[in-house]
């Protein structure tokens, strides 16, 4: 299990921004070789990413890259060059714009071949972006594509283009001309597919980093639905994500008290117990355990 409260996007071509990202409080930092890097800088960016993985201090952060779209000329070399030269220092590869489970398996197969050739026993994990309408249709199969896959991520920007959504002012934000949350169906389907497959669901970026209240609102929505974290495109969003996807100390303390009360009742042969005027049964305990597991992972 990994903490993914905040996944910070960092251009793989910008060494200064990489160093700042590694000094941040993000749980995951991913060095982007896709959208954040101009085509004429992609080859050079690979070298910068390799050096950053091997030479910089990442602390306890999860080390990730986002490779290029599988339909581009850059994708296979992203995997081969980065993994062969810095695979021992890499935890996760994020695959953008997947459409089917076959796309995930392509990267899985390539990684397996590299690991076999280099006699590596530590497997690099995968995350993938759901940002095409075809991917949303196939999301259940994608979520179960390979044991390497640890998380699926909602990408509202490209998804808007794929669906033909009339965007509002901010990628990943609310759209005032639509009654309610326009992303509710996509988010709901993604998080259900992820939970059914036993993997994490991550919410995508919110582009207006000067609007912390908007970011907080979107993070609250996705956290309420069961997402475990959210992307940040700017350091100012990191602490908000960490807060919104963490239980409060009060919630953790109460969850542990409730779990202890239920365990005592169960030992006495009871199927339910009342604690502070609230009935606790087996279904309640499943919810409580989610809080406790997250708290343990954080170290609360």
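Of everything in segment 86-95 that's more than 12 Å from residue 148 (Cβ to Cβ) and in contact with a helix residue (DSSP H, G or I) (Cβ under 8 Å, 6 or more places away or on another chain), which residue is surrounded by the most Cβ atoms within 10 Å (Cβ to Cβ)? Once the filter is applied, the top-ranked residue is 90.
Among all residues of segment 18-36, there is none that is in contact (Cβ under 8 Å) with a residue 24 or more places away in the chain and more than 22 Å from the chain's Cα centre (by Cα). Scanning segment 104-138 for residues that are crowded, with 22+ Cβ neighbours inside 10 Å and either in a helix (DSSP H, G or I) or not assigned by TED's automatic domain parsing to the domain that holds residue 227 (or both) returns 104, 107, 111, 135.
When you look at residue 80, is it in a helix (DSSP H, G or I), at negative phi, touching a helix residue (DSSP H, G or I) at 6+ places or on another chain (Cβ under 6 Å) and at pLDDT 95 or above, yes or no? Considered against the rule, which asks whether it is in a helix (DSSP H, G or I), at negative phi, touching a helix residue (DSSP H, G or I) at 6+ places or on another chain (Cβ under 6 Å) and at pLDDT 95 or above, residue 80 comes out as no. The condition of being on the phi < 0 side of the Ramachandran plot and part of a helix (DSSP H, G or I) holds for only one of 34, 19, that being 19.
Looking across segment 267-300, the residues that are in a helix (DSSP H, G or I), farther than 24 Å from residue 27 by Cα and touching a helix residue (DSSP H, G or I) at 6+ places or on another chain (Cβ under 9 Å) come down to 282, 284, 285.
Checking the structure you have, find out if any residue of segment 164-181 is outside any helix (DSSP H, G or I) and modelled with pLDDT of 95 or more. No, there is no match, as no residue in segment 164-181 is outside any helix (DSSP H, G or I) and modelled with pLDDT of 95 or more.
The values are calculated or read from the model by the stated rules, or taken from the named source; none is laboratory data. No experiment lies behind these values; they were computed from the predicted model shown. As a convention, Cβ positions derive from the backbone with ideal geometry for all residues, glycine included, and neighbour counts pool all protein chains shown.
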